[in-house]
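A short worksheet on the structure shown next.
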Amino acid sequence: MPVAAGKATLTIGALQRVNGVYSGDYKIKVFPYFLKNEKGTLAIVVSDESLAKINQGKVVAIIGIATTSGAGGRSRHIDATATPADINRGTIKLWFTTTGNRKMVFAPAYHFAGNVTTLVLAQMAETKP
C-alpha cells in the first residue's frame, strides 16, 4: 500500500478456523516509517453459510477485527470481500481505517491448506482504494 513517501506491507500468518472465525497473527510494516509498524491478531468471521457460498464460487462479503498486541492494544473493524478463483483459492480484499482516518486496502491471494480449517494468505502491499 502506498503511504506518503513510503509503503505499507501486510503479512498474515496461517489462519485457523474455529467456530466460524479464522484467527491468526498479522504484521504491518511501514517503510520508511518504522514507528507506524504494528502487529497483532486477526479474526475474520466466515459463517458456514458464507463458506458454502465461497465453495460454490460466489463472491462473499465478510467482516473481522484486527487487535494490536502490547499494552493498550487497539481493535479496528475490518471489511472484506472474498472472491474465489476455484474451490481452494482466490483473493480476499480487506480494508480498514487507520487512526488518522486513512483507508488502507489490501488484496492478497488466499488458499486453503489441506482443508477448510487452515487459510493461508499471501503477503501483500497496500493497494489504492
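What follows is calculated from the coordinates using simple rules that are stated; it is not laboratory data. Predicted model only: the values in this text are computed from it and were never measured. Positions of Cβ are generated from backbone atoms using ideal geometry, with glycine treated the same way; all protein chains shown enter the neighbour counts.
Net charge dipole, segment 1-94: roughly 320 debye, given to the nearest 20, about the Cα centre with Cβ charges of +1 for Lys and Arg and -1 for Asp and Glu. For Ser50, neighbours were defined as the other residues whose beta-carbon sits under 12 Å from its Cβ, and their charges (Lys and Arg +1, Asp and Glu -1) total +1. Taking each of Lys36/Lys93; Lys27/Lys58; Lys7/Lys39; Lys53/Lys93 in turn, the alpha-carbon distance tops 18 angstrom for Lys36/Lys93; Lys27/Lys58. Taking a spot 7 Å from the Cα of Lys103 along the direction of its beta carbon, which residues of segment 8-34 have an amide N less than 18 Å from it? Inside the label zone: 8.
Each residue, Ile87 and Thr9, gets one label point 7 Å from its Cα in the Cβ direction; the gap between the two is 3.5 nm.
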